[in-house]
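S.K.: Attaching a single structure in structure tokens format; questions to follow.
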Amino acid sequence: ATVVCVVVRMRLAADFSHAAGDIDTFREAFRQGMADAAGISKDRIIVSLISRGSIIVDFLVSGAQGSQGEISAAQAVQELETRLGDQSYLWPAVLRPMMAEGASVQAKKTTTMNQEELDA
């Protein structure tokens, strides 16, 4: 089965040291935060790379297959972008100080992947 996914590059203006201190905690908080903001389950947020340049996170939002009643990847990314522009939105505690410094979607691209690739 093929799944329509959206590949996203997000830039957080905060200093990279905020993420680098405990990269695993940051990754999990990021996944949870993005999933909550988009209104989807966390297992649909797959982080592929966290790199310097402030904090650059490359991640994938997988399609809604198997997640009953959830919105598509494209809709989820749209929701996410709405939250990024909403100053009053409360991000999870771990992310909040970083998101407060500003975050933006730098690039996004819709792609089709095999379910097997996503499960890997």
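S.K.: Classify the range 46-94 from the C-alpha gyration tensor, please: rounded if a/c falls under 1.5, else prolate or oblate depending on whether a/b exceeds b/c. Present the calculation step by step, with values, prior to reporting the outcome.
M.R.: Numbers: a/c = 2.20, a/b = 1.27, b/c = 1.73.
Taking the square roots of the gyration eigenvalues as a ≥ b ≥ c, the range 46-94 is oblate.
S.K.: I would also like to ask the following. Treating only the Cβ atoms of Lys and Arg (+1) and Asp and Glu (-1) as charged, compute the dipole magnitude of the chain about its Cα centre; round to the nearest 20 debye. Mind dumping the intermediate values first?
M.R.: Values: 11 positive and 15 negative charges, 60 e Å.
In total the dipole reaches around 280 debye.
S.K.: Ignoring everything except DSSP H segments at least 4 long, calculate the 222 nm mean residue ellipticity for the chain; use -39,500 (n - 2.57) per segment, divide by total residues, nearest 500. It would help to have the intermediate numbers written out before the result.
M.R.: Values: 5 runs with 42 residues, N = 120.
The helix-only estimate for the chain comes to -9500 deg cm²/dmol at 222 nm.
S.K.: Can you pull the percent of the chain's accessible area that's carbon plus sulfur, 1.4 Å probe, other chains left in place? Display every interim value, and only then the final one.
M.R.: Details: 3040 of 6340 Å².
The C+S portion of the solvent-accessible surface of the chain is 48 percent.
S.K.: Now for a separate question. Name the shape class, rounded, prolate or oblate, that the alpha-carbon gyration tensor gives for the range 1-57, where a ≥ b ≥ c are the square roots of its eigenvalues, rounded holds for a/c under 1.5, and otherwise prolate holds if a/b is larger than b/c and oblate otherwise.
M.R.: Since a/c reaches 1.5 and a/b is larger than b/c, the shape of the range 1-57 is classed as prolate.
S.K.: If you don't mind, there's one more thing I want to ask. Cα axis of helix 73-84 to longest principal axis of the chain: angle in degrees, 0 to 90, nearest 10?
M.R.: 20 degrees
S.K.: Shifting gears a bit: Counting heavy atoms of the protein chains only and a 1.4 Å probe, report the per residue accessible area for the chain as a whole number of Å².
M.R.: Numbers: 6340 Å² over 120 residues.
I get 53 Å² per residue for the chain.
S.K.: Once you put a point 7 Å from the Cα of Asp86 and another 7 Å from the Cα of Ala13, both along the Cβ direction, what distance in nm separates them?
M.R.: For the pair Asp86/Ala13, the computed spacing is 2.0 nm.
S.K.: Got a sec? Which residues in the range 1-25 would a label at Ala74 touch, if it sits 7 Å along Cα→Cβ and we count backbone N under 14 Å?
M.R.: Inside the label zone: 4-7.
The values are calculated or read from the model by the stated rules, or taken from the named source; none is laboratory data. None of the values given here were measured: they were computed from a predicted structure. Neighbour counts are summed over all protein chains in view; Cβ atoms, including those assigned to glycine, are modelled from backbone coordinates with ideal geometry. Each accessible area value is taken on the protein alone, full model and side chains, heavy atoms only, with ligands, DNA and RNA left out. Shrake-Rupley method; radii C 1.70, N 1.55, O 1.52, S 1.80 Å.
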